[in-house]
1. Please go through region 19-41 and give me each residue that is closer than 15 Å to LEU64 by Cα and touching a Pro at 6+ places or on another chain (Cβ under 9 Å), ordered by number.
2. Across region 7-40, what is the number of residues that are touching a residue at least 12 places away in the same chain (Cβ under 8 Å), open to solvent by 50 Å² or more (accessible area, probe 1.4 Å), part of a helix (DSSP H, G or I) and touching a strand residue (DSSP E or B) at 6+ places or on another chain (Cβ under 9 Å)?
3. Take the residues in region 107-134 that are touching a Lys or Arg at 6+ places or on another chain (Cβ under 7 Å) and surrounded by 13 or more Cβ atoms within 10 Å (Cβ to Cβ); name whichever of them is modelled with the highest pLDDT.
4. I want to confirm something. Restricting to region 179-201 and keeping residues that are free of Cβ contacts under 8 Å to residues at least 24 places away in the same chain and assigned to a helix (DSSP H, G or I), which single residue is most open to solvent (accessible area, probe 1.4 Å)?
5. Just checking, which of SER209, SER230 is closer than 27 Å to ALA39 by Cα, polar (S, T, N, Q) and free of Cβ contacts under 8 Å to residues at least 24 places away in the same chain?
6. Since GLY159 meets every condition but one in (1) of a type in the set (Gly, Ala, Ser); (2) more than 26 Å from HIS71 (Cβ to Cβ); (3) part of a helix (DSSP H, G or I), which condition does it not meet?
7. Name the pairs whose Cβ atoms lie under 6 Å apart, with the first residue in region 91-104 and closer than 11 Å to THR54 by Cα, the second outside any helix (DSSP H, G or I) and among the β-branched types (Val, Ile, Thr), and 6 or more positions between them or separate chains?
8. Of the residues that make up region 168-176, is at least one at pLDDT 85 or above and not hydroxyl-bearing (Ser, Thr, Tyr)?
Amino acid sequence: MKVLIVDDEPLICESIKADFLRMEHPWEYEIFTARSVAAAQNIYYQEEPELVITDINMPGGSGLILVSEIHKDNPHCGILVLSAYDDFEYVRNAFTMGAWDYILKPIAFSELEHCVRQLSEKISAARETCRTKEEPDSVKNNGVFLIEDVADYIRRHIGEKLSAAEMARKMAVSYSSFGKLFREYTGMSFSAYLLWCRMECAKEYLEHSPMKIKQVASKVGYRENPQHFSRDFTRQVGMSPKEYRAQMLGARTQDAKKEMS
């Protein structure tokens with residue numbers, strides 16, 4: 001599960017991140033942190049986390065704005081709101097804008113663990129509901145063509161911000177219908193497929209162009225977070241972009257020597 005922690009205090013972000021490492025099965029969580037609403041928005045649309053934990057009061061933008069935006073983009077994303085203020089108006093606003101739960105600072109590990117467990121169960125239940133809902137015949141019958149259109153769109157816009165919610169809107173189907181159809185016809189989630197496409201495109205650039213790695217990252221959708229490109233490429237391919245380019249160059253050199261001999 002991808003988790004995004006948003007708080008303008010770095011110590012709080014790191015503390016919550018450390019708490020996840022203390023939970024049962026910590027390897028199930030991939031943690032991202034942001035110190036502002038703007039940074040959180042960038043990470044959210046890039047990584048599509050399933051759980052967002054955000055503070056309310058932050059300089060440069062309220063966490064409630066982030067809650068509202070995420071809830072509109074993906075109602076199935078679990079949102080846990082943090083605040084140092086035990087105020088009914090804060091609580092009411094948080095839930096009105098789409099928060100799933102609310103927790104006060106300072107955060108006790110046991111309380112955080114309990115909330116995360118409950119939210120994880122709700123997220124799983126929401127997924128199951130989406131999977132078991134009856135789809136309209138028109139969507140079912142046109143599913144292959146819809147996914148082919150999406151795949152083509154991804155290839156043509158690989159360097160831009162892309163999300164399942166955006167694709168669902170473009171294809172005029174519900175978010176849940178889109179997710180189900182995409183997995184049914186591709187065998188993977190939209191985010192996994194997008195990552196695969198980006199890494200395949202990056203491999204082409206690394207092998208056949210002299211572009212710097214940072215430029216490659218920008219070309220395949222990591223313009224705002226180039227530091228994440230090497231991490232994702234290494235996880236997907238099994239070696240760093242630099243190592244991959246060196247390996248491909250070595251292979252071409254060997255082939256050239258064989259042809260000359």
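The values are calculated or read from the model by the stated rules, or taken from the named source; none is laboratory data. Predicted, not measured: the structure shown is a model, and the values here were computed from it. We place every Cβ from the backbone using ideal geometry, glycine too, and count neighbours over all the protein chains shown. Areas reflect the complete protein model, heavy atoms only, side chains present, ligands, DNA and RNA absent. Shrake-Rupley method; radii C 1.70, N 1.55, O 1.52, S 1.80 Å.
1. Listed by number, the residues that qualify are ARG35, SER36.
2. 3
3. So the residue we want is PHE109.
4. Looking at residues that are free of Cβ contacts under 8 Å to residues at least 24 places away in the same chain and assigned to a helix (DSSP H, G or I), I get ARG183.
5. Of the residues listed, the single one that is closer than 27 Å to ALA39 by Cα, polar (S, T, N, Q) and free of Cβ contacts under 8 Å to residues at least 24 places away in the same chain is SER230.
6. If we test GLY159 against (1) of a type in the set (Gly, Ala, Ser); (2) more than 26 Å from HIS71 (Cβ to Cβ); (3) part of a helix (DSSP H, G or I), just (3) comes out false.
7. Between residues of region 91-104 that are closer than 11 Å to THR54 by Cα and residues that are outside any helix (DSSP H, G or I) and among the β-branched types (Val, Ile, Thr), the close pairs are ALA94/VAL81; ALA99/ILE79; ALA99/VAL81; TYR102/VAL81.
8. Checking region 168-176: not a single residue is at pLDDT 85 or above and not hydroxyl-bearing (Ser, Thr, Tyr).
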